[in-house]
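The values are calculated or read from the model by the stated rules, or taken from the named source; none is laboratory data. From a predicted model like this one, the values you see are computed outputs, not experimental measurements. Neighbour counts run over all protein chains shown; Cβ positions are idealised from the backbone, glycine included.
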Amino acid sequence: MSWISIDEALEHILKDVTALEPESVPLPAAAGCVLAQDIVADRDQPGFNRAMMDGFALRSEDIQEAPATLSVVGEVAAGDVSNQRIESGQAIRIMTGAPVPDGADAIQMFENTRVSGDQVIVEKAVRAGQHIAPRGQEIRAGEVAIEKGSVLTTTRLGLAWSMGASEVQVYGEPRVAVLTTGNELVELTATPGPAQIRDSNRATIGDLAIRGGAAVVGTDLVPDDKAEIRRAIRRSRKGVHVLVLSGGISAGDYDYVAECLEEERVEARFYKVNIKPGKPLWYGRRGKLHVLGLPGNPVSSFVTARIFLLPLLRRLAGRSRIHDLRLSMPLLEAFKGTGSRPTFQPAIVDWEQQGVRLVKTHGSGDLNFFSHGNSLAFLPPNHADFEVGDKIDVLIDEESLVG
């Protein structure tokens, strides 16, 4: 198979992919899930004209000039309702969150008043509507509060709760299995031999899968042995939507993964993508099972999982946005040009300076330097050296920016 572009690879992966079947769950159990329905406001928010400050509810026309003296005729706290109407020359003591009494159109804070017996001296003028949130300011009954396809983040969970959505429809969670291959790999708790390294790819791929809305239901480390790899594929593919393999996908003497997958009747859709890092990339399907073969180098594995695995998982999970947020930002430091392949480079977004710095690495095995970045920059192919101020595209993990 010949090389294909990044966009062509994504088109192959996402073709005919739809969200998993929805299920109904209690709202407290839906945190982090993807909504399969719109959440609609069951009432106006706020449901009444709400006091935004502790102070005195009054008529703004009574405070045309300050100071002005008013009669205090009552008090209303949050959760209470005052049946008293404010007339000219009157005020009611009110607490934050309480309904504003009829007749009042403004609130003056305690700090700008003095109390003398049953009177209050208002020392600063007010305008109509001051410190009052009018009924329905946030949302009206019947309006969509949270759209289908949204992740129930912390703040959205709270909003759904305020709408009384005690039970919600959410999409099913994609199930993922991760296999890493290689005689050079050892487990986390093992001491690597002279020619070995610890297997970090299961950690990075697994974490990305979880961030994509999936459940990682199985992981395994497999040696470079065809029989072992085939057994691991047969074992791991059961009951999952996506099988991810890392390593053994290139053209070396011990790279058996592509051959084993085809022997296990996984239909290859493409092999090799025009991308750096990560050129050897295999994708295929067996029925509804999606199989991704990623490179073994830690950085290549991370980049290809983020670019190709995450959109697939987000689509299966029903998310409305499946690609990372992409911003065009100016470079704060010069950087060398690119070769013939589109390149993804670790980057540090500096929000204060509103720009980005690229992180220099020592290649596709350099997870240390790669981990210094807080984003991923996209550099077009065959580009001359980048100068300060040049605009480049930066991929932002949107979930790290919102609650």
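Suppose we keep only residues that are assigned to a loop (DSSP other than H, G, I, E, B) and modelled with pLDDT of 95 or more within segment 1-15. Which one would you say is nearest to Ser82 (Cα to Cα)? Ranking the candidates gives Lys15 first. None of Thr338, Thr304 is of a type in the set (Ser, Thr, Tyr) and without any contact (Cβ under 8 Å) to a residue 40 or more places away in the chain except Thr304.
Being closer than 29 Å to Leu208 by Cα, at pLDDT 95 or above and of a type outside the set (S, T, N, Q) is a condition met by at least one residue of segment 135-145.
Output yes when any residue across segment 152-164 is over 30 Å from Arg140 (Cβ atoms) and either assigned to a loop (DSSP other than H, G, I, E, B) or hydrophobic (A, V, I, L, M, F, W, C) (or both), and no when none is. Within segment 152-164, not a single residue is over 30 Å from Arg140 (Cβ atoms) and either assigned to a loop (DSSP other than H, G, I, E, B) or hydrophobic (A, V, I, L, M, F, W, C) (or both). Residues of segment 297-318 that are at pLDDT 95 or above and either in a loop (DSSP other than H, G, I, E, B) or charged (D, E, K, R) (or both): Arg306, Arg314, Arg315, Ala317, Gly318. When Arg231 is tested against the conditions (1) out of contact with any Lys or Arg (no Cβ under 8 Å at 6 or more places or on another chain); (2) surrounded by 18 or more Cβ atoms within 10 Å (Cβ to Cβ), the lone failure is (2).
The conditions of being at pLDDT below 95 and surrounded by fewer than 16 Cβ atoms within 10 Å (Cβ to Cβ) are not met by Ala77.
Does any residue of segment 40-51 turn out to be modelled with pLDDT of 95 or more, of a type in the set (Asp, Glu), within 30 Å of Glu147 (Cβ to Cβ) and buried (at least 17 other Cβ atoms within 10 Å of the Cβ)? For segment 40-51, residues modelled with pLDDT of 95 or more, of a type in the set (Asp, Glu), within 30 Å of Glu147 (Cβ to Cβ) and buried (at least 17 other Cβ atoms within 10 Å of the Cβ): present.
Report every pair of residues separated by at least 6 positions or lying on different chains whose Cβ atoms are under 9 Å apart, first residue within segment 70-88 and within 21 Å of Val122 (Cα to Cα), second among the aromatic types (Phe, Trp, Tyr) and surrounded by 12 or more Cβ atoms within 10 Å (Cβ to Cβ). Sorted first by the residue in segment 70-88, then by its partner, the pairs are Leu70/Phe56; Val72/Phe56. Filtering segment 286-296 to residues that are over 15 Å from Ala203 (Cβ atoms) and surrounded by 22 or more Cβ atoms within 10 Å (Cβ to Cβ) leaves His290, Val291, Leu292, Gly293, Pro295.
Tell me whether segment 260-267 contains one or more residues that are assigned to a helix (DSSP H, G or I) and either within 29 Å of the chain's Cα centre (by Cα) or closer than 28 Å to Asp397 by Cα (or both). Checked segment 260-267: no residue is assigned to a helix (DSSP H, G or I) and either within 29 Å of the chain's Cα centre (by Cα) or closer than 28 Å to Asp397 by Cα (or both). The set of residues from segment 333-389 being farther than 21 Å from Lys279 by Cα, touching a Lys or Arg at 6+ places or on another chain (Cβ under 7 Å) and assigned to a loop (DSSP other than H, G, I, E, B) comprises Glu333, Asp385.
A quick yes/no check of all residues on (1) surrounded by fewer than 14 Cβ atoms within 10 Å (Cβ to Cβ); (2) within 26 Å of the chain's Cα centre (by Cα); (3) closer than 30 Å to Gly296 by Cβ:
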| site | (1), (2), (3) |
| --- | --- |
| Gly97 | no, no, no |
| Ala133 | no, no, no |
| Leu152 | no, yes, no |
| Leu157 | no, yes, no |
| Tyr171 | no, yes, no |
| Pro174 | no, yes, yes |
| Ala190 | yes, no, yes |
